[in-house]
Amino acid sequence: MRNSFIKIFTIVCIALFSLKGNAQQDPMYTQYMYNMSVINPAYAIDDLGILNVGGIYRNQWAGIDGAPETANFFAHTGLTDRLEAGISIVHDEIGGIVKENNLFADVAYVLPVSETSKLSFGVKAGVTFFDANLSTLETGSDVVDPAAQNISEVFPNFGVGAYWFGDKYYVGLSAPNLFTAKHLENETGLARLGEENIHYFLTGGYVFDLNPNLKLKPAFMARAVEGAPLSVDITANVLLYNRFEVGAAYRFDETVSGLVNFRVTPELRIGYAYDYTTGNLGDFNDGTHEIMVLFDLDLLGLSKGYNVSPRFF
């Protein structure tokens, strides 16, 4: 019991009291190239009549009591040939103690740049529900910690993004939350501070046709936030027969990953990613598991089955 408490307490402290220091606060995803609307409101599928629906569940540092878990759901579609809209829901939880729910609505405006490329600008607006049940932590001591108080807050979010893309490439720049929020204040003489900082994302990807049935798909994502080192993900996937995909990824000084996904039907794609922690923490967990589901609903009945060009990102 005491060991379990120490593990959960340590993770909760990292999540709360290190927010002002060297920490990434927003959830991380290995299959980010299929989860773009969550981090960039300008993401556009540019396919009128298709409703793109998806979700990702991430179990980080499996085997550690109280390790972070993240689940998100997103859906978006084209309203006109230049206007797209969507929603996203993100649930982030640590040890059943800290819970954060984000609800967003996105709107993107798409401009033709050339015959083969477009540029979209998007805004994201919503609310965050933050709860920390610190009083439920069992310390094994009769002494009451005055800092262990419950927190329940609701605060607004607003983000922006830009997305330049063609059929086989994209580059995106975004800040999904421009508002900062303090979860803990200086009360009763105790210095307790947890502040969310603005996260900036730069993403990109390309598809190389190696032969009619084989494609190489490199991609990258860089995250920057004040008080933390730059985080960079490099991914390389190979797509076979436009249906089966396998690849590897590296997050500098953090993890190496394996990815696989399969286009089960013309509308449904499922994927799995496994992260192995390369640092000292890797000795104390069983890795990170991430499951993805993507579904494209043809609202206008224009789909031509497997012969239709796949959406690469």
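Quick note: the coordinates plus some simple rules give every number you see, no bench work behind them. Please read these numbers as outputs of a predicted model, since none were measured by experiment. A quick note on method: Cβ atoms are made from the backbone with ideal geometry, for glycine too, and the neighbour counts reach across all protein chains shown.
Things to note:
- Scanning segment 73-102 for residues that are of a type in the set (Asp, Glu) and in contact with an Asp or Glu (Cβ under 6 Å, 6 or more places away or on another chain) yields Asp92, Glu93, Glu100.
- Every residue from segment 36-74 that is surrounded by 16 or more Cβ atoms within 10 Å (Cβ to Cβ), at positive phi and not aromatic (Phe, Trp, Tyr): Asp46, Gly66
- Here the strands (runs of 3 or more DSSP E) wholly within segment 194-264 that include at least 2 residues being basic (Lys, Arg), more than 16 Å from the chain's Cα centre (by Cα) and buried (at least 18 other Cβ atoms within 10 Å of the Cβ) are 214-225.
- Residue pairs meeting the criteria (Cβ under 9 Å; at least 6 apart or on separate chains; first under 17 Å from Ala273 (Cβ atoms) and touching a residue at least 40 places away in the same chain (Cβ under 8 Å), in segment 239-252; second among the aromatic types (Phe, Trp, Tyr) and surrounded by 14 or more Cβ atoms within 10 Å (Cβ to Cβ)): Leu239/Phe312
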